1. Does the range 42-58 contain at least one residue that is at pLDDT 95 or above, over 11 Å from the mean Cα position of the chain (by Cα) and surrounded by 12 or more Cβ atoms within 10 Å (Cβ to Cβ)?
2. Take THR5 and tell me if it is β-branched (Val, Ile, Thr) and surrounded by 11 or more Cβ atoms within 10 Å (Cβ to Cβ).
3. Report whether or not GLY38 is at pLDDT below 95, open to solvent by less than 70 Å² (accessible area, probe 1.4 Å) and of a type outside the set (Asp, Glu).
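The values are calculated or read from the model by the stated rules, or taken from the named source; none is laboratory data. Since we're looking at a predicted model, the values are computed, not measured. Cβ atoms come from the backbone with ideal geometry, glycine included; neighbour counts cover every protein chain shown. Note: areas computed on protein heavy atoms with side chains; ligands, DNA, RNA excluded. Shrake-Rupley method; radii C 1.70, N 1.55, O 1.52, S 1.80 Å.
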Amino acid sequence: MPSMTTSKVTRWDQHGREHVVHVRKSGMQRQLTCETCGWRKGAQFLPWLKAEEHLTEAHQATVDPTA
């Protein structure tokens with residue numbers, strides 16, 4: 001059984017609300033899950049970019065806390 005690892009992409013919207021997409025890795029596949037709306041998507045390549053795109057398009061969350 002492959003090991004499961006988790007990371008997350010966090011962004012804030014213009015109202016200061018935090019939005020998080022968790023990226024779970026199992027083997028070559030990654031599962032994206034949004035805490036805010038429950039959106040889920042499987043991704044093999046560029047999962048963090050897909051998570052950022054979801055946060056921007058669905059929640060207008062573009063402020064990167066690490067920047």
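1. yes
2. Values: β-branched (Val, Ile, Thr): yes; surrounded by 11 or more Cβ atoms within 10 Å (Cβ to Cβ): no.
In short, no.
3. Values: at pLDDT below 95: no; open to solvent by less than 70 Å² (accessible area, probe 1.4 Å): yes; of a type outside the set (Asp, Glu): yes.
No, not satisfied.
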